[in-house]
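The values are calculated or read from the model by the stated rules, or taken from the named source; none is laboratory data. Please read all numbers here as calculations on a predicted model, not as lab measurements. No Cβ is skipped: glycine too gets one built from the backbone with ideal geometry, and neighbour counts run over all protein chains shown. What goes into the accessible areas is simple: the full protein's heavy atoms, side chains included, and nothing from ligands, DNA or RNA. Shrake-Rupley method; radii C 1.70, N 1.55, O 1.52, S 1.80 Å.
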There are 2 protein chains.
Amino acid sequence: MPLSFLDLVKATDVVPYPSDPEYALVRDFSYDFISHNGVKIGRLTAPVYKALIADYAESFVVTPTAIQLHPDHCNTLEARNKLIARIAADWRAARAFRVLEGWRDELYTVFNPSHVPYLLIERAASMLFGVITYGVHIIGYVPADADGCGSPLRVWVPRRSATKATFPGMLDNTVAGGLGYPYGLLETCVKECYEEAGLSEDYVLKHLTSAGVITYAYQHDYDKDDASSTGLYQPEVEYIYDLRMDPEIVPQPVDGEVAEFNLMTVEEIKTELANGTFKPNTALVQIDFFIRHGLITPEDEPDFLEIQARTHRKMEYPVR
Amino acid sequence: MPLSFLDLVKATDVVPYPSDPEYALVRDFSYDFISHNGVKIGRLTAPVYKALIADYAESFVVTPTAIQLHPDHCNTLEARNKLIARIAADWRAARAFRVLEGWRDELYTVFNPSHVPYLLIERAASMLFGVITYGVHIIGYVPADADGCGSPLRVWVPRRSATKATFPGMLDNTVAGGLGYPYGLLETCVKECYEEAGLSEDYVLKHLTSAGVITYAYQHDYDKDDASSTGLYQPEVEYIYDLRMDPEIVPQPVDGEVAEFNLMTVEEIKTELANGTFKPNTALVQIDFFIRHGLITPEDEPDFLEIQARTHRKMEYPVR
């Protein structure tokens with residue numbers, strides 16, 4: 001059964017909305033993660049809640065529904081960073097949560113309501129606290145008729161290396177990467193375009209266009225091989241860029257994360273999307289690209305409105 | 001004090017979200033409008049709720065928090081249309097609600113969860129029932145360097161006629177119009193492009209690109225001159241199109257709704273937006289255009305994420 005575009009969105013934007021009846025399950029079966037001054041910044045599963053209480057109760061204010069960073073001990077950025085880094089390192093050493101095996105030595109930023117960094121947290125640990133994470137996704141496309149021979153618009157689609165820890169062998173966006181502290185968006189675009197596609201800074205800055213953002217909230221399924229990651233919350237923000245590619249430029253993998261690049265037509269990509277061969281969250285970026293470029297229209301897509309709303313989800317926590 | 005882009009969004013996307021504390025005000029001070037088979041399709045203010053009970057109680061199931069179309073009397077499209085048309089006509093004759101002075105003889109469609117028309121309702125009456133309404137907004141733009149002389153991207157901006165009933169003299173999108181039953185989206189684009197800008201069907205269909213949708217929920221302020229419209233809910237869906245304009249084509253008003261067209265640069269439009277001279281909901285379409293074309297970026301716009309989420313609001317009722 002081919003997947004619809006809405007099926008693909010629903011597989012990534014999983015968490016019920018506050019207006020859904022199912023939201024009661026979110027509220028009743030998870031715990032708010034709260035800043036030292038009272039702002040919700042994430043969402044914890046029961047195993048994480050219990051593990052924090054078991055060993056770090058003195059650093060938090062614990063209630064039956066939430067864990068708050070302690071107003072006395074956590075009132076500086078440094079203190080918060082140090083506490084969370086210590087907890088993540090302890091849990092990694094104790095093999096408490098499987099997701100920490102993906103340790104990256106890369107810090108993600110949690111923001112406060114005035115968009116200032118509130119907490120820095122190891123990338124692999126961010127999903128344990130259910131905080132919002134940020135990345136960039138770049139669609140490298142060759143415009144229609146760029147070769148003067150009437151060829152259609154095509155997109156450079158990489159296949160992930162078979163040895164990648166996550167989603168090996170799946171199709172991906174041309175270039176993508178997490179927004180690690182303290183790098184900016186354009187810096188990250190330039191860095192990832194070189195590492196993943198061999199493109200020069202000069203080329204990228206000349207041909208890159210900011211094109212919006214997609215936002216969604218993922219929640220990990222029950223996993224019998226890794227009960228500790230079951231139900232983890234992962235709200236994500238992906239800044240979107242279009243990169244206009246000259247027909248003669250062929251992206252080249254540099255860092256080994258990509259197996260190969262193929263230049264695909266819109267119809268070919270739609271077929272692969274329907275087959276479920278794209279890494280799940282990258283499918284949403286392809287759909288967004290198609291909508292922005294008039295390649296998915298309200299005439300041919302019955303779920304146009306739900307797709308647009310659920311890929312631009314209003315986040316429950318402060319954002320960048 | 002110049003208006004920020006977020007100020008402009010907040011002036012149109014007014015209704016609190018279910019996750020906001022202020023949502024209690026929405027819930028407690030309004031009444032659900034419910035289909036004969038139990039689906040929420042709109043929201044009523046107290047004056048509308050009372051007026052329905054006063055004279056049409058036999059056609060509805062009334063509860064303290066909602067009014068439902070009666071399961072026995074309203075189980076066909078024709079019966080529903082007839083009932084609502086009668087009520088709207090009675091209220092118009094009785095001058096019960098000022099918004100009915102804008103009577104258009106144009107029907108809007110309310111949809112059921114499977115995207116099928118559930119109810120047709122006079123345009124001017126739709127806001128009394130707080131149902132979702134639909135329209136098209138078209139940005140006619142001349143691409144950068146279209147003249148070969150290095151000119152920047154520019155947008156055709158009309159000024160509304162001084163005699164228009166709503167927002168006279170304000171700036172607007174190149175072309176816009178409501179989606180009246182039974183017209184399709186492209187049909188409506190073609191019709192409005194001719195009436196408002198004198199553009200031929202042939203030109204429009206060749207140069208028009210579907211570019212997404214914006215959604216938001218407006219609520220009328222207290223109005224001392226028209227208490228009957230105070231608090232009315234108006235959730236809106238505007239399908240967005242970009243229309244590439246050749247430099248030599250100048251839009252011409254045909255139907256008298258537009259006073260004049262001006263070709264404006266992005267900087268000029270940003271200044272007018274900050275001055276509040278655009279019709280409120282059209283400002284959102286300009287902002288969306290700028291975001292999609294890399295003319296507002298996350299580097300220069302601190303509220304980028306909130307703007308994107310609140311112009312792609314997840315609707316609480318079934319949509320087209």
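Relative to the other identical copies, B:D145 shows label-point distances of 1.7 nm, where the label point lies 7 Å from Cα along the Cβ direction and values run shortest first.
For B:K206 and B:N262, a Förster radius of 25 Å and the Cβ-Cβ distance give a FRET efficiency of 0.55, rounded to the nearest 0.05.
Counting Cβ atoms of other protein chains within 10 Å of each Cβ in A:213-222 and taking the mean gives 1. Once a ≥ b ≥ c are taken as the square roots of the eigenvalues of the Cα gyration tensor of chain B, is the result rounded (a/c under 1.5), prolate (a/b larger than b/c) or oblate (a/b not larger than b/c)? It is prolate, given that a/c is not under 1.5 and a/b is the larger ratio.
Considering helices alone, the calculated mean residue ellipticity of chain A at 222 nm is -9000 deg cm²/dmol, with DSSP H runs of length four and up weighted by -39500 (n - 2.57) and normalised per residue. Rounded to the nearest 20, the Cβ-based charge dipole of segment B:14-129 about its Cα centre (Lys and Arg +1, Asp and Glu -1) stands at 160 debye. Sequence-ordered 3J(HN,Hα) estimates for segment B:20-28 from the Karplus curve with 6.51, -1.76 and 1.60 and θ = phi - 60° stand at 7, x, 5, 4, 4, 5, 4, 4, 7 Hz, glycine and proline given as x.
Relative to the longest principal axis of the Cα atoms of chain B, the long axis of helix B:77-93 lies at roughly 90 degrees.
Packing order of peptides B:159-165, B:196-202, highest average first: B:196-202, B:159-165 (average count of other Cβ atoms within 10 Å over each peptide's residues). Ranking A:G198, B:V142, A:F97 by how far each Cα lies toward the positive end of the dipole of the protein assembly as shown (charges on Cβ) leaves A:F97 at the top. Under 5 Å from the amide H of A:Y108 lie the amide H atoms of A:I121, A:E122, A:R123, A:Y181, each residue being 5 or more positions distant or on a separate chain, with H modelled from the backbone and absent for Pro and chain starts. Straight-line cross-link reach from B:K50 at under 23 Å between alpha-carbon atoms covers these lysines, not counting any fewer than eight positions away in the same chain: B:K40, B:K82, B:K224. Between A:R86 and A:H73, residue separation times 0.36 nm minus the direct Cα-Cα distance comes to 3.3 nm. The trypsin sites (Lys or Arg not before Pro) found in segment B:183-233 that occupy coil by DSSP, while having at most 12 further C-beta atoms within 10 Å, are B:K224. Cα extents for segment A:195-261 along the principal axes, largest to smallest and rounded to whole angstrom: 47, 28, 17. Applying both filters, DSSP loop and at most 14 other Cβ atoms within 10 Å, to the chymotrypsin sites (Phe, Trp or Tyr not before Pro) of segment A:65-139 gives A:W103. For B:N37 and A:T230, what does the FRET efficiency come to when R0 = 35 Å and r is the distance between their Cβ atoms, rounded to the nearest 0.05? For B:N37 and A:T230, the calculated efficiency is 0.40.
Distances between copies at B:A94, taken between label points 7 Å from Cα along the C-beta direction, are 6.9 nm in increasing order. The distance from the alpha carbon centre of segment A:179-256 to that of segment A:1-65 is 25 Å, rounded to a whole number.
For segment A:273-320, the square roots of the Cα gyration tensor eigenvalues, ordered a ≥ b ≥ c, give a/c of at least 1.5 with a/b no greater than b/c, which places it in the oblate category. Measuring spread by the Cα atoms of segment B:1-55 yields a radius of gyration and Dmax of 15.3, 49 Å.
To test your reading of the geometry: what angle, between 0 and 90 degrees and rounded to tens, separates the Cα axis of helix B:280-292 from the longest principal axis of chain B? So the helix axis and the longest Cα principal axis differ by about 50 degrees. Once Rh for the protein assembly as shown is found with the Kirkwood sum over Cα pairs, what is the Stokes-Einstein diffusion coefficient at 25 °C and 0.890 mPa s, in µm²/s? Using the Kirkwood radius from Cα pairs, D works out to 92 µm²/s. Seen from every direction in turn and averaged, the convex hull around the alpha carbons of segment B:14-129 projects onto 7.7 nm². Given +1 at the Cβ of Lys and Arg, -1 at the Cβ of Asp and Glu and no other charges, the dipole of the protein assembly as shown around its Cα centre is 1600 debye to the nearest 20.
Taking 0.36 nm per residue of separation and subtracting the Cα-Cα distance, full extension of the segment from A:D147 to A:E101 would add 12.0 nm. Counting only DSSP beta bridges with both residues in the protein assembly as shown, tell me the antiparallel percent, nearest 5. Once the DSSP bridges in the protein assembly as shown are tallied, antiparallel ones form about 75 percent.
Placing a label point 7 Å from Cα along the Cα-to-Cβ axis, B:H73 is separated from the same position in the other copies by 6.6 nm, shortest listed first.
Put a plus charge on the Cβ of each Lys and Arg, a minus charge on the Cβ of each Asp and Glu, and nothing anywhere else: the dipole of segment A:118-257 about its Cα centre is then about 160 debye.
Legend: Rg and Dmax of segment A:157-210, from Cα coordinates, 12.1, 33 Å.
Of all trypsin sites (Lys or Arg not before Pro) in segment B:55-121, which ones are in loop regions per DSSP and have a Cβ with at most 11 other Cβ atoms within 10 Å? Qualifying residues, ordered by number: B:R95. Beyond 20 Å, how much of the Cα-Cα pair distribution for segment A:191-320 remains, as a whole percent? Here the long-distance tail beyond 20 Å is 59 percent of all Cα pairs in segment A:191-320. Can you give me the angle between helix A:46-56 and the longest principal axis of chain A, using Cα atoms only, in degrees from 0 to 90, rounded to the nearest 10? Orientation of helix A:46-56: about 50 degrees from the principal axis.
Using a probe of 1.4 Å on the protein chains alone, the accessible area found for B:K10 is around 100 Å².
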